[in-house]
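No lab work stands behind these numbers, since they all come straight from the coordinates. On a predicted model such as this, the values are computed, not experimentally measured, just so you know. Reconstructed Cβ throughout: ideal geometry from the backbone, glycine too, with neighbour counts over all protein chains shown.
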Amino acid sequence: MRILGISAFHRDSAAALLVDGVPVAAAQEEHFTGKLGEWSFPRRAIRSCLDEAGVQARDLDRIVFYEKPLRKFERILAMQLGAFPRSAKTFSSSMFLWLGDRLWMKNRIIEELEVPDERISFVEHQRAHAAASYFTSPFEEAAILSIDDMGEWATTLLARGAGNEIESLREVHFPHSLGLWYSAFAQYLGFEPGADEGLLEELAKQGTPSSLDKVRQTLSACGEEGGFQVHSEHFRFQHDASRLYSQGLIDLLGPARAPGSPIAEGPEDTRCCDLAASVQAVLEERVLALAEELHRHVPSSKLCLSGEVARNRSLVRHLRTDGPFEQIYLPPSPGEPGAALGAALEYSCSIAGEPRAFTQEVAAIGGKLAASPEDGAVSLSKAEIPTLIAARLAKGEHVAWVRGGVELGDRSWSARLLLARADKEDALGGLLETVQNRVPCAPCRVAVPAARLKDHFEVPDGVEHALRFAHLELKPLEGQAQLSKLAAADGRVWVQAIDQRYDPQLCQVLESMGAEGGLPIAAMTDFHLRGRPLVRSEADAVEAFQRSRLDALFVEERLYERKA
């Protein structure tokens, strides 16, 4: 059975194609349009998936959209009318979008793909997130927790996974949303909501939660079952997607930080950092309460986590170390792009009853590099590339490495990388500055061979997949002075474990660096220009290289160097 999953019209539109239960292609629309966070109907991503698999749209057995538009419109209309006249300015724009083509998604799919309407299905948004986690996991049974910003009505889902089934146990409904609550604070602190929540998380590591009591006034426990309630007097996201917080939040906490203004983070003024730490602490309180409630209903040792909030690495660590579950799994992309794959898997496994045939061990799903060798490229053999990269890193150079297709999500785990020596002075900051103006609080990770992790870090049990997909931060072992320089303000390092079985080339680079007397660890981040998606094609990579201060670019079996 050929099943195409689609996500669109929120952020990060994407498509994923299953053949007999196995993902064979996946693509994100922003990689074709060049517009970061592209939300439009993913026609180019769909075409890419079909072309790669050699499938025509007419050959598809099912097209599955990742939410139910009519239910979502019902929620938006109810919220807009309930907030009138405060929603008067946003009502017309919301209705224009929804009465245009968003509400008539089936007609849009028929028009774009020329397929009969009986082949089109819709699944609930949080079910798509849950399926993206559970049906890609190695678990035959697990508790499932999706913590998101929005969907139709549900923003949070507690569920049980067993075999081919996902049983929904409990939902939290809009406007009570941990994702939007956190985004509203990101906007209040001058960051872009829906894009920069990670910067709020990083800022929190530099502060102390001295504003806990005030922040708790905006979000409280509801009942004795782990539920929560967002206090609407502090927020506007119920009816306004552009301004998420209200005057009530300013009255409670003081003036908001203007975007682009200096972040108060020095010893003389820690307001922004302390407020961020308080927000992070309250988020963790509420999610741990949800996890305890879920464990009471599903007393499993395993947890599958998904949704936009699952991208919060500090939260993931607390769930593992302080929560009731012994093993935790997150897919590479727990947010909107991964939900396109989740929609296809939900139909394949839960509805069509196809056997589960896939465990996600690597992030890239299919995908070939759009190759176009440029003048000046030096041809290499595949076998010599790891040695050459390791030698350049040992000399202190910054290197870009491009291989295969682009992964889903805003991060690259192996296909679009920037690398530097981890023991180089300001290794993480220097690497970010090679291709973009450094953003305050912007994080950077390190790559470590999976077999060497426990030589350098405190590693809790049950986090193998979370580390493989860089969802966790670890504390260096005592005596690891070089690694301490890579740590964030909380003393932890963002780590990605590189498994010899799934990425032998990168593992060889790291081991070669260790054999020369250095650390078998590289500073690593994603290859893109600031404000742009990951580079997709060879031409994109060469252009970004030319606009950077990188020393070398490896693309498949080709090397580009700086011209004298």
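Expressed to the nearest 5 percent, the antiparallel share of DSSP beta bridges inside the chain is 70 percent.
Listed from fewest to most Cβ neighbours within 10 Å, the set Glu538, Glu29 follows the order Glu538, Glu29. Residue-wise HN-Hα couplings along segment 419-433, as the Karplus relation 6.51 cos²θ - 1.76 cosθ + 1.60 with θ = phi - 60° gives them from phi, are 10, 8, 4, 6, 8, 6, 4, 6, 4, 6, x, x, 5, 4, 6 Hz; Gly and Pro carry x.
Identify all lysines with a Cα-Cα distance to Lys68 below 27 Å; exclude those on the same chain that are fewer than 8 residues away in sequence. Filter leaves Lys35, Lys89, Lys106. You can think of it this way: the chain between Asp455 and Glu425 has 8.6 nm of extra reach, that is 0.36 nm per residue less the Cα-Cα gap. Every helix of 4 or more DSSP H residues in the chain counts as -39500 (n - 2.57), and over all residues that averages to -9500 deg cm²/dmol at 222 nm. Of the trypsin sites (Lys or Arg not before Pro) found in segment 219-308, those in coil by DSSP whose Cβ has at most 15 other Cβ atoms within 10 Å are Arg243. Taking all Cα pairs closer than 8 Å and separated by 6 or more residues, the relative contact order of segment 173-329 comes to 28 percent. Around the Cα centre of segment 378-561, unit charges on the Cβ atoms of Lys, Arg, Asp and Glu (plus for the first two, minus for the last two) sum to a dipole of about 300 debye. Remark: spin-label model distance Glu561-Ile351 equals 5.5 nm, labels positioned 7 Å along the Cα→Cβ axis. Rounded to whole numbers, the Karplus 3J(HN,Hα) couplings from phi for segment 157-164 are 9, 10, 8, 10, x, 8, x, 8 Hz, using 6.51 cos²θ - 1.76 cosθ + 1.60 with θ = phi - 60°, and x at Gly and Pro. For a quick check: sort Asp12, Asp101, Asp117 by the number of other beta carbons within 10 angstrom, fewest at the front. Arranged by neighbour count, lowest to highest, Asp12, Asp101, Asp117 become Asp117, Asp101, Asp12.
Would you please name the GluC sites (Glu not before Pro) within segment 167-261 that are DSSP coil residues with at most 15 other C-beta atoms within 10 Å of their C-beta? Here the sparse-neighbourhood loop sites are Glu224, Glu225.
FRET efficiency for the Glu112 to Arg71 pair, using the beta carbon distance and R₀ = 25 Å, is estimated at 0.70.
Partner lysines whose Cα lies under 16 Å from the Cα of Lys395, excluding those fewer than 8 positions away in the same chain, are identified as Lys424. Modelled spin-label separation between Arg216 and Leu36, with each label point placed 7 Å from Cα along the Cα-to-Cβ direction: 3.6 nm.
When only the Cβ of Lys, Arg, Asp and Glu is charged (+1, +1, -1, -1), the dipole of the chain relative to its Cα centre reaches about 800 debye. Spacing of the modelled spin labels on Val378 and Ala515, each 7 Å from Cα toward Cβ, amounts to 2.0 nm.
Placing a label point 7 Å from the Cα of Gln482 along the Cα-to-Cβ direction, the residues of segment 399-438 whose backbone N falls under 15 Å of that point are 420-428. As a length-normalised measure over Cα pairs under 8 Å and 6 or more apart, the relative contact order of segment 459-564 settles at 14 percent. Against the empirical curve 2.2 N^0.38 Å, the C-alpha radius of gyration of segment 131-287 lands at a ratio of 1.13.
Annotation for segment 331-394 versus segment 109-180: alpha-carbon center distance of 23 Å.
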